[in-house]
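Chemist: Here's a structure for you.
The values are calculated or read from the model by the stated rules, or taken from the named source; none is laboratory data. Note that this is a predicted model, so its numbers are computed, not measured. What goes into the accessible areas is simple: the full protein's heavy atoms, side chains included, and nothing from ligands, DNA or RNA. Shrake-Rupley method; radii C 1.70, N 1.55, O 1.52, S 1.80 Å.
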Amino acid sequence: MCSKIREPVRAAVPTEVRVRDRFGAVLTASVSVLIVEAVIGALALAVREQTYENPGLPYNPMAVLLLIVVAPLLAVAGAVVGALLSVGLVMPVLVTAAWLGRRLAGREAWWWVPATAATVTAPPVVLAEVGPMPRLGLWLGMTAALAVTALVAAGCCCRAARGSPAARCSVG
């Protein structure tokens, strides 16, 4: 009796599937982080509003009912806006940071992402018609929000490219 040892069969994964998986990972991560940032911002705004003097408005039960009805619609609208921001801002920042890293330093590094985010957020802030200190605060806030979102998305992209949730990556 002769035994034949077979070589393991490796399923070829098309490149399109891997790219689609990375796109999905980046989109999911960046939309999730944008939604979390929006919730934190809304909570901070609510706390800020609590510091003002109360005008003594009466309690309206219809407003609570309206909030219950409108909340799911707001969640869907927030997800759509988050997806558009992710595709329109986060992904171009990631691509530009990777390109700049390869072009100028010879490799991709995580610190190109915040530098690119700071550069991308500067023109809209310069055009804002506010004083210098609010302008600086606006620029720092926009840069932090975009950089954190892009870094989380870059980490998810690298892990999806390697096929492991725990894989290490140079960006992220």
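Chemist: For the range 82-146, what % of the accessible area comes from carbon and sulfur atoms, probe 1.4 Å?
Modeler: Taking all protein chains in place, the range 82-146 shows 76 percent carbon and sulfur surface.
Chemist: Checking the a/c ratio against 1.5 first, then a/b against b/c, what shape does the Cα gyration tensor give for the range 53-104?
Modeler: Judged from the Cα gyration tensor, the range 53-104 comes out oblate (a/c at least 1.5, b/c at or above a/b).
Chemist: Shape verdict for the range 25-140, please, from the Cα gyration tensor: rounded (a/c under 1.5), prolate (a/b greater than b/c) or oblate.
Modeler: oblate
Chemist: When ligands, DNA and RNA are left out and all protein chains stay put, how many square angstrom of accessible area per residue does the range 93-138 have with a 1.4 Å probe?
Modeler: 65
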